[in-house]
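Written out below as structure tokens is the structure these notes cover.
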């Protein structure tokens, strides 16, 4: 029974992995469920044992992956002390996605924008939790006196997410040089840490 | 003859205006050319006098509008002296798009992400010029000694664009309160201006 469940989970995961590849290559709208099945090496009908339709695959993929990302982010941030170090870690985790999971990053970024309806109905909880985790770091920095008080943690979180997203977007179109992306990440960390720094601690 | 040309330009513009509305409501993939025609009050065949197909409408729309935005941005920035004022103006122009031209902003933002192929082949020149205009402001600030030298103008430009884009994305999903967006814009300006400030001028 447990074995059956594991087998099911393994197959579901294989379908999701294949969906990432096919969505990234062809785009969501141009993908057919039968192509995902072929890539996963399962029969078309098998897909429907796990997912209602193509939309459901995308939604499951998004929620599953952003959930894991959020868990990982919380785990890593909890191990750090200073708000500046935490900002640097957020930057390296978000940009790191591009290197380690390029297809997934593309699916998440593109599909976040696919439609406001999609984002509002399905992606919002996971995406909001992501922003909340960043906002909590900013707020913590404000409480410790490291960061200035006159910035909304949520605005700073959206801006930092967006800055990294903008960088990712232009990076995938450019040389895709990993060192270059790492240097860019350091510069963005720097802009945000200095830009958020409380006046009394400036220059220290 | 001139009148004929004006009439043509007027009709082309009407088709583009209608396309913005329909794309924003239904998404690019779900839009039919016949719906754009109906909204514009022209026959289906008329569309094909001006555009090859639906892709061509989107590409024309994007290039036409981002071209105008770039011109307007250059005009307004040329009238300002200080790099900080210029950064503030870039912020208010990009966020202002959401208020004055919400549908257009949605079409541009979403379609920039629709596919890397689209972005690479067609949108890149206009989008790159937009980033170049911002990067030139950063570089100017570095030359005048206002901004630190250890940040790539291009990285700062992508980050600022992205930060505003991230803010726009979350704003359209939220309360859509114009005052709130303006305040958020001021905070982002602040983060970037302080984050970019050259060390020797810190605190002045």
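With axes computed from alpha carbons, what is the tilt in degrees of helix B:153-173 against the longest principal axis of chain B, rounded to the nearest 10 within 0 to 90? Around 60 degrees separate the two axes.
Across the identical copies, the label point of residue B:43 (7 Å from Cα in the Cβ direction) is separated from its matches by 5.3 nm, in order from shortest. Take residue B:32, push a point 7 Å out from Cα through the beta-carbon direction, and compare it with the same point in every other copy: 2.2 nm, smallest first. For chain A, the longest principal axis of the Cα atoms and the long axis of helix A:2-26 meet at an angle of about 70 degrees. Once you order the gyration tensor axes a ≥ b ≥ c over the Cα atoms, which shape class does the protein assembly as shown get: rounded for a/c under 1.5, otherwise prolate or oblate by comparing a/b with b/c? It is oblate, given that a/c is not under 1.5 and a/b is not larger than b/c. Which shape class, rounded, prolate or oblate, goes with the range B:54-94 when its Cα gyration tensor gives a ≥ b ≥ c as root eigenvalues, a/c under 1.5 marks rounded, and past that a/b bigger than b/c marks prolate? Prolate is the answer for the range B:54-94, as a/c is 1.5 or above and a/b outweighs b/c. Among A:44, A:64, A:150, the largest mean-square fluctuation in a Gaussian network model of chain A, built with springs joining Cα atoms closer than 10 Å, belongs to A:150. Here residue B:82 yields copy-to-copy label distances, from shortest upward, of 3.0 nm, the label point defined as 7 Å from Cα along Cα to C-beta. Measuring from the axis that maps chain B onto chain A, the chain B residue with the nearest beta carbon and its rounded distance in angstrom come out as B:195, 1. As a size descriptor, the averaged projected area of the C-alpha convex hull of the range A:1-51 was calculated at 3.3 nm². Axis angle, to the nearest 10 degrees, between helix A:54-78 and the longest C-alpha principal axis of chain A: 30 degrees.
Determine the shape class of the range A:122-204: with a ≥ b ≥ c the square roots of the Cα gyration tensor eigenvalues, call it rounded for a/c under 1.5, and otherwise prolate if a/b is greater than b/c, oblate otherwise. List each step's numbers first, then the result.
Numbers: a/c = 3.09, a/b = 1.30, b/c = 2.37.
Here the range A:122-204 falls in the oblate category.
Read-outs throughout are calculated quantities, based only on the coordinates presented, and are distinct from any laboratory measurement. Since we're looking at a predicted model, the values are computed, not measured. Glycine gets a Cβ as well: all are built from the backbone with ideal geometry, and neighbour counts include every protein chain shown.
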